[in-house]
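A quick write-up on the structure given underneath.
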Amino acid sequence: MNQQPVAFWSLKPWWCQPWSIVLTGVVISLGSWLFLHRLWITLPITLAILAWWMLFLVLVPAAYSRQEDS
C-alpha cells in the first residue's frame, strides 16, 4: 500500500508556520531598529534571524522531504 506523504508544515501548529516565523523575524528586526537605532545591535539580531530562517524554513523541510522520499 502506497501512502501519501505528509506535508511537513501540516505537522506544525499555527505558531510554527512559515508566515508566523517570517512575521516574527521581521517584527523583531524592525522593532530593534525602531526602538534602539543601533546598527551594532540590530545587525547581529537580523543575521541570527536570517540563519534561523535558513535552518527552519529551508534546510529542515528539505531534509524532511528527502527522508519521506526514501
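The values are calculated or read from the model by the stated rules, or taken from the named source; none is laboratory data. Predicted model, so just to flag it, every value in this text is computed and none were measured. Cβ sites come from the backbone with ideal geometry, for glycine too, and all protein chains shown count toward neighbours.
Of all the residues in the range 57-66, those that are at pLDDT 95 or above and either of a type in the set (Lys, Arg) or surrounded by 13 or more Cβ atoms within 10 Å (Cβ to Cβ) (or both) number 1. Taken over the range 11-40, residues that are among the small types (Gly, Ala, Ser) and within 30 Å of Glu68 (Cα to Cα) amount to 2.
Residues in the range 20-57 that are of a type in the set (S, T, N, Q) and closer than 24 Å to Ser10 by Cβ: Ser20, Thr24. For the range 1-51, a residue qualifies if it is at pLDDT below 90 and over 18 Å from the mean Cα position of the chain (by Cα), and the qualifying residues are Met1, Asn2, Gln3, Gln4, Pro5, Val6. Count of the range 35-55 residues, restricted to those that are within 21 Å of Cys16 (Cβ to Cβ) and of a type in the set (Ser, Thr, Tyr), is 1.
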